[in-house]
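Colleague: Quick one: the structure is below, and I'll ask about it shortly.
The values are calculated or read from the model by the stated rules, or taken from the named source; none is laboratory data. Worth saying up front: this structure is predicted, and the values here are computed from it rather than measured. Backbone-built Cβ (ideal geometry, glycine too); neighbour counts: all protein chains shown. Surface accessibility is based on the protein's heavy atoms, side chains included, excluding ligands, DNA and RNA. Shrake-Rupley method; radii C 1.70, N 1.55, O 1.52, S 1.80 Å.
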Amino acid sequence: MNRRTDIEAAVRAAAPHALLATLRTKLGNVYGALAVELHLADYALRVLKSLDHPEGEPLSLDNSPEGRAFGSQEPREQQVRHDEAVDHHLPVTVRGERLGILTVRLPQTLSTPELVGELTRVADLLGHEILVAERDTDLYQRARRTTRLTLAAEMQWQLLPARACAVGEFAIGAQLEPAYAIHGDNFDWAADADELTVAVTNGMGEGIQASLLTNLAVNALRNARRAGIGIADQAALADQAIYEQHRGAWHVSTLLLRFDLATGRVGVVDAGSPQLWLQRGRTVRRVELEAQLPLGMFEESQYTAQELAVEPGDRLLLLSDGVYEALSPLGEAYGDRALARAIQSTRLLPAATVPRAMLGELAEYRGAETLDDALVLCLDWFGRPAATG
């Protein structure tokens, strides 16, 4: 058994709450590690928090070596002062979902590129095991919180698939604000060998009512999607579920997209307020869609899907009304001019980091706190390489 296989077996066998302790022991024994620390990104994607000392001072994502490794998604080295040792900051990431940073301190004499390569794969293993362990322990979710989540926010975060995903044909990143007090905004996606389905939803109302409504909508859409039916029928079945529960008193704005991974053809159902924007090359524009009724407004509403096409290199932005309707201190809506500028200014960032950057610009534009939710989902389309015979 080689040393990486030995570590993998030990971590997989560890109790859910003991992943880091087990890894720390194994890395000390196998690689001579002097210290091993794990920092996890908080819900707002602003700081990194220590798993061992969550009550301690968090690390900035912008102004710390660990934060820079998180942003670049590349291992970074940091010489330890007054000691012949090196800290290696290694991204903990699972299929594009950025969880945090594993820091391994090694003696200078043992710090080789080959060893760092092995430790990078160990960090990947840790990320996968954390996602599995979260089914059985609250340790990792508690550690990511800088303050208490509202109950509505707790319900919304538990509903999400992830905050990022990257595969051959596409990369997605999404973020909700205010992260610790969200109400009705939500996003969802699922992909298989042939297609990707993306949904952005916004339940009307505030607090628990909005969260319960969105939970019903998202689970109704998932239930229909998993039955293998098209997005128009997914919308219709979710519409019926919401109407039967609320008789038209409450409704959910929804934008549904289904991508054919082989061709780039996209089916779209626009059932409410979320907007779709396209960046192609240096051109940014809002995609005008055929507006249909929000889900649950009337009994047995019928929905139709319109078709679009995406090209390799395209970037799509799905935005809730809390983004494009946000007002500056002078009363100008963000979607009038500032939104297109923000999309342009973030064009070189990877999809996973675009939502955080745009929401940061939105906060500066507003110049004041708001109670409205804001959601940004960014999708970069790479397409599928043509088969060669």
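Colleague: Report Phe382's accessible area, 1.4 Å probe, all protein chains in place, as a number in Å² to the nearest 10.
Modeller: 100
Colleague: Enumerate the calculated ³J(HN,Hα) couplings along the range 169-176 in order (Karplus 6.51 cos²θ - 1.76 cosθ + 1.60, θ = phi - 60°), each rounded to whole Hz, writing x wherever the residue is Gly or Pro.
Modeller: 8, 7, 9, 10, x, 8, 8, 10
Colleague: Something else now. Shape of the chain from its Cα gyration tensor (a ≥ b ≥ c, root eigenvalues): rounded if a/c is under 1.5, otherwise prolate when a/b > b/c, or oblate?
Modeller: Details: a/c = 1.79, a/b = 1.73, b/c = 1.03.
Cα axes put the chain in the prolate bin.
Colleague: In a Gaussian network model over the chain where Cα atoms closer than 10 Å are linked, find which of Ala291, Ala232, Ala162 has the largest mean-square fluctuation.
Modeller: Ala291
Colleague: Also: Distance in nm between label sites at Ser72 and Phe298, each 7 Å beyond Cα in the beta-carbon direction?
Modeller: 5.7
Colleague: Let me ask something else. Under a plain spin-label model, where a point goes 7 Å from the Cα along Cα-to-Cβ, how far apart in nm are Glu311 and Arg46?
Modeller: Distance between the two pseudo-spin positions: 4.0 nm.
Colleague: Decide, for the range 86-128, between rounded, prolate and oblate: order the square roots of the alpha carbon gyration tensor eigenvalues as a ≥ b ≥ c, take rounded if a/c falls under 1.5, and otherwise choose prolate if a/b is larger than b/c, else oblate.
Modeller: Values: a/c = 3.24, a/b = 2.09, b/c = 1.55.
It is prolate, given that a/c is not under 1.5 and a/b is the larger ratio.
Colleague: By the scheme Lys and Arg +1, Asp and Glu -1, what is the net charge of all other residues having a beta-carbon under 13 Å from that of Gln245?
Modeller: On the way: positive: Arg247; negative: Asp239, Glu244, Glu299.
Charge balance in the 13 Å sphere: -2.
Colleague: Please give me the summed charge of the neighbours of Pro75: other residues whose Cβ is under 15 Å from its Cβ, Lys and Arg +1, Asp and Glu -1. Display every interim value, and only then the final one.
Modeller: Details: positive: Arg68, Arg76, Arg98, Arg105, Arg121; negative: Glu37, Glu66, Glu74, Glu77, Asp87, Glu114, Glu118, Asp124.
Surrounding charge for Pro75 is -3.
Colleague: Any chance you could run the full-extension gain for Ala9 through Leu327? It's 0.36 nm times the residue separation minus the Cα-Cα distance, nm to one decimal. Write out the running numbers ahead of the final one.
Modeller: Working: separation 318, 0.36 × 318 = 114.48 nm, distance 5.34 nm.
Net length gain for the segment: 109.1 nm.
Colleague: Kindly state, to the nearest 0.05, the FRET efficiency for Arg337 paired with Glu206, given R0 = 41 Å and r defined as their beta-carbon distance. Mind dumping the intermediate values first?
Modeller: Numbers: r = 29 Å, r/R0 = 0.70.
Once rounded, the FRET efficiency stands at 0.90.
Colleague: Please report the relative contact order for the range 28-85, taking Cα pairs under 8 Å with a sequence separation of at least 6, and give it as a percent rounded to a whole number. Can you show the working numbers first?
Modeller: Details: 55 pairs, mean separation 10.1, N = 58.
Value for the range 28-85: 17 percent.
Colleague: For the range 343-349, what does the Karplus curve 6.51 cos²θ - 1.76 cosθ + 1.60, with θ = phi - 60°, yield as ³J(HN,Hα) per residue in whole Hz, taken in order and with x for Gly and Pro?
Modeller: 5, 5, 5, 9, 5, 8, 7
Colleague: Another question, then. Picking from Gly67, Ala85, Leu40, whose Cα lies most toward the positive end of the charge dipole for the range 7-129 (charges on Cβ: Lys, Arg +1; Asp, Glu -1)?
Modeller: In the range 7-129, that residue is Leu40.
Colleague: Could you work out how much longer the chain between Ala363 and Thr263 gets when fully extended? Use 0.36 nm per residue separation minus the Cα distance between them, nm to one decimal.
Modeller: Details: separation 100, 0.36 × 100 = 36.00 nm, distance 3.73 nm.
32.3 nm is the gain from fully extending Ala363 to Thr263.
Colleague: Okay, next question. Could you rank Met358, Met297 by how accessible they are, 1.4 Å probe, largest area first? Numbers along the way, then the final one.
Modeller: On the way: Met358 5, Met297 50 Å².
Largest accessible area first, the list is Met297, Met358.
Colleague: Given contacts defined as C-alpha pairs under 8 Å and at least six residues apart, what's the relative contact order of the chain, whole-number percent?
Modeller: On the way: 809 pairs, mean separation 52.3, N = 389.
Here the relative contact order equals 13 percent.
Colleague: While we're on this one: Given a cut-off of under 8 Å on Cα pairs at least six residues apart, what relative contact order in percent is computed for the range 280-389? List each step's numbers first, then the result.
Modeller: On the way: 105 pairs, mean separation 39.9, N = 110.
RCO, the range 280-389: 36 percent.
Colleague: What value, in deg cm²/dmol to 500, does the helix sum -39500 (n - 2.57) over DSSP H runs of n ≥ 4 give at 222 nm once divided by the residues of the chain?
Modeller: Details: 11 runs with 128 residues, N = 389.
Rounded to the nearest 500, the figure is -10000 deg cm²/dmol.
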